[in-house]
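All remarks here apply to the structure that follows.
The values are calculated or read from the model by the stated rules, or taken from the named source; none is laboratory data. Note that this is a predicted model, so its numbers are computed, not measured. No Cβ is skipped: glycine too gets one built from the backbone with ideal geometry, and neighbour counts run over all protein chains shown.
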């Protein structure tokens, strides 16, 4: 019974694909309601199957009879690439990690589909929107369910394309079109690293299937493993918006808010984290790769958090927050706490999606206003939005027992325990900053006196139930999601998610804690709670008590403020160093090479032919005698040839 | 003895050839052509091609040249003379090419294997030709009659005056 | 005993004369006669070789050439007649409607 359920895993990616096909081909005649229903049902069905599969897997023993992972199954779908000795089979790798990812993707997506039904209500191109959304889910599922690097790459590229299409949903607006291009191009740079990494893997190991590569990882030379890992990580920095390829994510906020919630908070950006976790065997084989992951993640977390602190745009704050939290996940992975990093991935999906949906709700009520300093006092007018948003903020800032806190604390615990004290300190500082900007956001938007324009103020209203319901569901998950990773000292054994994922990482450096070091755990949790409180204080002080202080400080430290506000001028650096030279090159090519060179050659050839024709037509004198002479001339020439040939 | 005959005939033939192309009057050219053809007939006899020689006289000299003269008279050209050639280069180029051609051929011939000399002898020329025409060359023989038919029809059609409408 | 080469050289001379006549003269009929001259030169060559090789095919060939030459002259002169009636000149250079 259990095994038969597992055989239906292929339904999980199939449903969204069917949704795409139906909506793309028949959508025009289906009407708004049906298109939405088809898309949402597709993803919902996918989630239902995933949940059923999970239950089936729970019924399996953790260890198989021959000592391997008891919950791992590989299901063949079809033979994809058969080229001589190079074969890529399209197969689904079903194990603890992939089902977790599938559940997060389908679950959050379903909620966002429902939310979109109301949010995108007035939109004309709803069919396009829902088609791309379903396609995205399909591609993401291909990414996480694939059993080899090539299918993963397919999904990787696929989500990149869908991200481009969805960011550029309002492509008639120039900023949106530019943001979409930027996202895709920056991703492409990362993808190059990923592609090279995969090629190197194939060159070294001779296969691209996970089941072949990972057991063989120990035989790879550390230098090669480092190269592979760093290349793969380059891909991850692109997709998961880490330094130096993070610049696309803030601009990606040009897309519709549900898209930001889904793609740029909960799913696509987590693909990098998933990949590094999946390939941990390769990373561990290298001496330094995990350190790179660790420090890039940590530094990104800190710097992005700092930038989020001074932003005024509602969605940009959340965007930088996402970058920062992703950095935190990589930090966890970097110290070897894979399960912890992935746990944070799950909780982040909950509360970040929630925050984005809340932002959407606010924007919807305020006519797409984005400047938080033009908001305020919305607490009373939008109680439900406020309540859910509050829970999201509490989760992200690490109030104990809520989901965000559980996952962050787990990461910090392992950082401290496995000998990375400075990383632990860095994590705490990030926590402080996170708490600060999160509460700042909450207070400025929902508390205080209203700074709304008179016109908007009059029709501020709570969002419809269709939008609120997903938010409430996410709020519940954000609140109680911590159950998955309860701290050890509560005496309940390992955290559930650690236990679940353990068979995958058992060969890694993650040694599941069997000793109950309650003291160390308690210390970690206490310090985290303290960090949260420390972050809350300035937020409260600056924005509740002394309203104008923030502005005065800004003016007196204009240099620092500008640096932070402009994201450390990274965008400007890229423009100067990369974009401008490319433009010059493009202009040069388009003028010198294209117009003059190639155009000149082609036109010149045409002109040459014309001239030749003009010259040659003079041969047609119309006189028979000339023609006769020409014939005779030919005869003499042939004769001369033979004569000369026998002479020479 | 043969050599003498050959030389005489050859010289006269060449002289007549020059006459054909150099004469101003078309009638005189036709007459020189006649002389040339007759010389050639003589040369054919020297070469033991008696039948061909006679055919030459009857067909070429007797029919074709006569046809030429008819047309000349018909068109009233016996008194007409050509104006000098305005295209000088054509003239010069033609001569030059001719000289080159001749030089080339002569050179080629002189370096070829020496062919056996030709002597007079009695042969059964007519019989041989007859036999060949009716066996190996039967088809071309029949086709020639078609060609002649076509020529007749063509000549009539082309030279007809338009019917008064 | 006349070496065959002599005949061949004579033939070449006659051929060249005929060719020169085609280029030089503008009178259509004289051009035609020059063409006949060339044909006869070729005939001479054929007969010569027929004799030296002992094969009668050469002579048969010549007979056929003569037949065809006759046909050609008939048609060609018909054309000349038609055209002179039309244009009232025998100058070949006047027929240049195919000029560019």
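Yes or no, residue by residue, for (1) under 20 Å from residue A:255 (Cβ atoms); (2) at pLDDT below 90; (3) crowded, with 24+ Cβ neighbours inside 10 Å:
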| position | (1), (2), (3) |
| --- | --- |
| A:115 | yes, no, yes |
| A:120 | yes, yes, no |
| A:140 | yes, no, yes |
| A:144 | no, no, yes |
| A:152 | no, no, yes |
| A:156 | yes, no, yes |
In the range A:410-420, which residue that is in a helix (DSSP H, G or I) and at pLDDT below 85 is surrounded by the fewest Cβ atoms within 10 Å (Cβ to Cβ)? A:417
In the range B:18-45, anything surrounded by fewer than 20 Cβ atoms within 10 Å (Cβ to Cβ) and at the interface with chain C (Cβ under 7 Å from one of its Cβ atoms) is listed as B:18
Please go through the range B:11-24 and pick out each residue that is over 15 Å from residue C:41 (Cα atoms) and touching a helix residue (DSSP H, G or I) at 6+ places or on another chain (Cβ under 9 Å). B:19, B:22, B:23
Within the range A:447-460, tally of residues that are touching a helix residue (DSSP H, G or I) at 6+ places or on another chain (Cβ under 9 Å) and over 11 Å from residue A:544 (Cα atoms): 8
Residue satisfying condition, being in a helix (DSSP H, G or I), more than 7 Å from chain B (Cβ to nearest Cβ) and either under 26 Å from residue B:106 (Cα atoms) or under 13 Å from the mean Cα position of the chain (by Cα) (or both), within set C:46, C:29, C:8, C:37: C:46
Options A:12, A:74: the member that is in contact with a strand residue (DSSP E or B) (Cβ under 7 Å, 6 or more places away or on another chain) and in contact (Cβ under 8 Å) with a residue 60 or more places away in the chain: A:74
Answer with yes or no whether residue C:22 is in contact with a helix residue (DSSP H, G or I) (Cβ under 7 Å, 6 or more places away or on another chain), in a helix (DSSP H, G or I) and within 7 Å of chain B (Cβ to nearest Cβ). no
Qualifying position, being in contact with a helix residue (DSSP H, G or I) (Cβ under 7 Å, 6 or more places away or on another chain), modelled with pLDDT of 85 or more and assigned to a helix (DSSP H, G or I), among B:27, B:66, B:8: B:27
Hey, residue A:303 hits all of (1) buried (at least 24 other Cβ atoms within 10 Å of the Cβ); (2) outside the structural domain of residue A:540 (by TED's automatic domain parsing); (3) more than 20 Å from residue A:416 (Cα to Cα) but one; which does it fall short on? (1)
Filtered residue count, the range A:179-209, keeping only those that are buried (at least 18 other Cβ atoms within 10 Å of the Cβ), touching a helix residue (DSSP H, G or I) at 6+ places or on another chain (Cβ under 7 Å) and not in a helix (DSSP H, G or I): 1
Of the criteria (1) at pLDDT below 85; (2) within 9 Å of chain C (Cβ to nearest Cβ), which one residue B:56 fails: (1)
In the range B:142-165, what count of residues is obtained for those that are farther than 13 Å from residue C:72 by Cα, within 8 Å of another protein chain (Cβ to nearest Cβ) and modelled with pLDDT of 90 or more? 0
Being buried (at least 19 other Cβ atoms within 10 Å of the Cβ), within 14 Å of chain A (Cβ to nearest Cβ) and in contact with a helix residue (DSSP H, G or I) (Cβ under 8 Å, 6 or more places away or on another chain), is that true of even one residue in the range C:58-79? yes
Please verify whether residue A:630 is at negative phi, at the interface with chain C (Cβ under 10 Å from one of its Cβ atoms) and out of contact with any strand residue (DSSP E or B) (no Cβ under 6 Å at 6 or more places or on another chain), treating the condition exactly as stated. no
Qualifying positions in the range A:601-627 - part of a helix (DSSP H, G or I) and facing chain C (nearest Cβ under 10 Å): A:614, A:616, A:617, A:618, A:619, A:624, A:625, A:626, A:627
Meets criteria (surrounded by fewer than 16 Cβ atoms within 10 Å (Cβ to Cβ), within 23 Å of residue A:347 (Cα to Cα) and modelled with pLDDT under 85) for residue A:493: yes
Can you say whether residue B:108 is surrounded by 11 or more Cβ atoms within 10 Å (Cβ to Cβ), facing another protein chain (nearest Cβ under 8 Å), modelled with pLDDT under 85 and touching a helix residue (DSSP H, G or I) at 6+ places or on another chain (Cβ under 6 Å), as far as the supplied structure shows? no
Conditions: (1) closer than 27 Å to residue A:130 by Cα; (2) surrounded by fewer than 24 Cβ atoms within 10 Å (Cβ to Cβ). Residue A:212 meets all but one. Number of the miss? (1)
Flag for residue A:399 being assigned to a loop (DSSP other than H, G, I, E, B) and closer than 23 Å to residue A:319 by Cβ: yes
Search result, residues across the range A:34-81 that are in a strand (DSSP E or B) and either at pLDDT below 80 or at positive phi (or both): A:63, A:69
Residue pairs meeting the criteria (Cβ under 9 Å; at least 6 apart or on separate chains; first exposed (fewer than 12 other Cβ atoms within 10 Å of the Cβ), in the range A:552-569; second not in a loop (DSSP other than H, G, I, E, B)): A:555/A:561
